[in-house]
Every structure is written in C-alpha cells, then in structure tokens.
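Notes follow once the structure below has been shown.
The values are calculated or read from the model by the stated rules, or taken from the named source; none is laboratory data. As the structure is a prediction and not an experimental result, all values here were calculated from the model. So basically every Cβ, Gly included, is an ideal-geometry build from the backbone, and we count neighbours across all protein chains shown.
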Amino acid sequence: MTVAAKLEPIFKSLTVDRGLGETFDFYANQMGTWWPLRTHSVGQEKAVTVTMEAGVEGRIFETQKDGTEVLWGKILIWDAPNRVVHTWHVGRDVEEGTEVEITFTDIGEGKTRVDLTHRNWENLGEIGPALHDQYDGGWDHVFGECFGGGVAKGS
C-alpha cells in the first residue's frame, strides 16, 4: 500500500438543546436508534442495529438479521460524558482504520456542543483522499442530521 499524503482531519460541530449526560448517552448508548443503517452500514438491508460497547476496548459493531456481527471499530478512550475516541474501519481491515474523536461540552442553559474530528486518513493509502471527501459529506448527514436531529427530538 502506498502511503498517502497527510490529509487534514474532518471536523464537524453542532449544538443541541440537551444536557451533557443526555447527549453523550444518546450518541454512545443509543447509537442503534439514530444511525442510518440502510444507507451507512456493511449489510444495509440486512443490518438491524449498531452497538457501541462502553469502556476502553469496547467494540462498535453492526448486527445483521442472521446474527452476524461486523466490527466497525474499537474504543481507545472512554471519558463519559465528555469524550470518546475510537478506531473506525467499517468494511475494511483493522490496519486501514482511521480515528474518530467526539467531544461533548456543556455550554450552559441545558445545551451541549458536540465536536467530531475524524483523522488518520493516511492509514487508507491511495484511497484516503477519495474516502476523505466521501466522509466529509457523509458526516454532514449522519452526525448533523441523524444524530443532531435525533437528539433534538429526544428520541
């Protein structure tokens, strides 16, 4: 694999009208309720849920109708309710994993700022730039619309 030039991390930020603990819980412990599995999973129509296991070394995985589990990543840092850092290699080898960091900041008045940073694109070699561009738009939908919209509704 040819090493790609270092690509800038993808950064997304949103503010939600929910407290810090509720927002963290919705992101980490209720991922299966807001993640758009039909369009953003390995199994698509076969996928039934995605789970993030709490704590360092916890898995992020998709479960399919037949019980098959597909590993998407592993938790590197678990600092509830402030921060989660995990690897990200949906449908790829672990060695091609990127890294996602989500931080949660209480900004007062029952509001939380949530920042997503997706980095280490060079781990993907030559396909890194193309996937970087796809994820940049993909996170707008998944993080901004699905997570942000879901937590705003109190789902």
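A few remarks follow.
- Here is the figure for the range 73-82: residues that are assigned to a strand (DSSP E or B) and more than 19 Å from L37 (Cα to Cα) total 5.
- Qualifying residue in the range 127-144 (condition: within 11 Å of the chain's Cα centre (by Cα), part of a strand (DSSP E or B) and surrounded by 14 or more Cβ atoms within 10 Å (Cβ to Cβ)): no
- Unmet requirement for F104, which otherwise passes all of (1) more than 15 Å from the chain's Cα centre (by Cα); (2) not in a helix (DSSP H, G or I): (1)
- Looking only at residues in the range 73-87 that are crowded, with 19+ Cβ neighbours inside 10 Å and touching a residue at least 24 places away in the same chain (Cβ under 8 Å), the one that is nearest to I60 (Cα to Cα) is G73.
- Taking the listed residues T98, T112, T117, the one that is more than 20 Å from V151 (Cβ to Cβ) and either touching a residue at least 24 places away in the same chain (Cβ under 8 Å) or surrounded by 15 or more Cβ atoms within 10 Å (Cβ to Cβ) (or both) is T98, with no other qualifying.
- Scanning the range 50-64 for any residue that is under 21 Å from E96 (Cβ atoms), among the hydroxyl-bearing types (S, T, Y) and modelled with pLDDT of 95 or more turns up nothing.
- Qualifying residue in the range 94-103 (condition: touching a Phe, Trp or Tyr at 6+ places or on another chain (Cβ under 8 Å) and among the charged types (D, E, K, R)): yes
- Per the listing V85, V48, V70, the residue uniquely assigned to a strand (DSSP E or B) and more than 22 Å from W121 (Cβ to Cβ) is V48.
- Out of L7, L20, sole residue that is within 21 Å of R119 (Cα to Cα), more than 13 Å from the chain's Cα centre (by Cα) and surrounded by 13 or more Cβ atoms within 10 Å (Cβ to Cβ): L7
- With respect to (1) among the polar types (S, T, N, Q); (2) exposed (fewer than 14 other Cβ atoms within 10 Å of the Cβ); (3) in a strand (DSSP E or B), the lone exception for T39 is condition (3).
- Scanning the range 12-51 for residues that are touching a residue at least 40 places away in the same chain (Cβ under 8 Å), in contact with an Asp or Glu (Cβ under 8 Å, 6 or more places away or on another chain) and within 15 Å of E145 (Cα to Cα) turns up K12, S13.
- Test result for G97, on the phi > 0 side of the Ramachandran plot and not charged (D, E, K, R): no
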